[in-house]
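Following this message is one structure expressed as C-alpha cells.
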Amino acid sequence: MSFRPPRNLPVISIFHHASSSPSQRALALLKKAVSEPYPADSKSPLPVELSVVERTPTADQFKTMQRYYGKPISAFLSAHPSASSSENGSGSDEVERVRETVTQNPMALKYPIVVDWDAGKIAVGNMSEVEKILNERIRSNDGEGGEGGRKQGFLSGLFGSS
C-alpha cells in the first residue's frame, strides 16, 4: 500500500504595509476568506494558503509579478522616481531602482500587492482587483470537485467529513 500526500494548497501572498489603510482592508478580507466561509453563502473557507509578507519584494518576485501584471515595473510605485527608466521598464537595473526607492520610502509602493502565484494573477493597489482574484480562485476550485465546489482534503476524501 502506498501513501499519497495531499496536494499543496494554492498560495496567495499579500505584500502588506501596516500603515496603508488599503493594505489593512485587503489583509482583513484575505484573512476572513481563509478562516470563515467564503463567500458568505458557502460552507467552507477558501482553500488557499495565505502568506503575509511585510518586506519589500525580492528582485525575482518583482520580475515574476511584473510578468503577471503586464506593465512596467514602475507601475508598482505610487510616486514614480525621477530617474529615467529603461526602455520597456523591465530591465534588472530598473527593478533595482524600484527596490531602492521602496527601501528608502516603503510607502512609495502601491499597497496592497496581492499575488495568486498558482494562477498568475496580481492586484496592485486595488481592492476590487483583490476581490477579483478571490472570485477567480473560487471559480477555479469549482472545476476541481469537492463538496460545494471545494476540494476535499485527503483524509476527508477517505473517511468522509462531518
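Bear in mind these aren't lab numbers, they're just calculated from the coordinates by the rules spelled out. Just so it is clear, the structure is predicted and the values come from calculations on it, not from any experiment. Every residue, glycine among them, receives a Cβ derived from its backbone with ideal geometry; neighbour counts consider all protein chains shown.
Would you please give the residues with an amide H less than 5 Å from that of LYS121, counting only those at least 5 places away or on a separate chain, with H modeled from the backbone geometry?
Close amide H contacts, sequence-distant or interchain: ASP116.
When Lys and Arg each count +1 and Asp and Glu each count -1, what net charge do the other residues less than 14 Å away from ASN105, Cβ to Cβ, add up to?
+2
Report, by chain and number, residues whose modeled amide H sits under 5 Å from the one on LEU109, excluding near sequence neighbours (fewer than 5 apart, same chain).
SER78
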